[in-house]
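The structure under discussion appears below in the form of structure tokens.
Nothing in this text is a laboratory measurement; each read-out follows from the coordinates by a stated rule. Because the structure is a prediction, the values reported are computed rather than measured. Here the Cβ positions follow ideal geometry from the backbone for every residue, glycine too, while neighbour counts run over all protein chains shown.
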Amino acid sequence: MYVANLPLLDFNALNIQVLRRYRQAFKLNVKARSSKDDLVLAASRHFNNYMVDEVDTIARFLYTVHSNKGKHAFSIDLQITRHADHILTQPIYLV
């Protein structure tokens, strides 16, 4: 697998409401009323441990763009996989 030298995501720069939404969307094992530091730690661990199937993601993106030509807003379902038996799908909305 190709790993690019990408800048790291600074979860400390995110608003606590964004971190709470991330926790909720990905069902992180941290309490709902956790401190920002706890949410940052949980979100960064989760984010860094997930692997993206690049080929599948690009194929889905191209298919969605092609099938939605002329539309101004559409959603893309990206599969983010950590293990082959655990797949989580989150929609991303482009405007």
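From the residues in the stretch 47-63 that are not aromatic (Phe, Trp, Tyr) and not in a helix (DSSP H, G or I), which one is surrounded by the most Cβ atoms within 10 Å (Cβ to Cβ)? First the steps, then the outcome.
Of all residues in the stretch 47-63, those not aromatic (Phe, Trp, Tyr) come to 48-49, 51-60, 62.
With not in a helix (DSSP H, G or I) added as a condition, the list becomes 51-53.
Details: MET51: 10, VAL52: 14, ASP53: 16.
Top of the filtered list is ASP53.
I'm trying to understand the selection: among the residues of the stretch 23-46, which are of a type outside the set (Lys, Arg) and in a helix (DSSP H, G or I)? Even if it seems obvious, please write down each step before you answer.
From the stretch 23-46, those of a type outside the set (Lys, Arg) are 24-26, 28-30, 32, 34-35, 37-44, 46; that's our starting set.
Those that are of a type outside the set (Lys, Arg) and in a helix (DSSP H, G or I): GLN24, ALA25, ASP37, ASP38, LEU39, VAL40, LEU41, ALA42, ALA43, SER44, HIS46.
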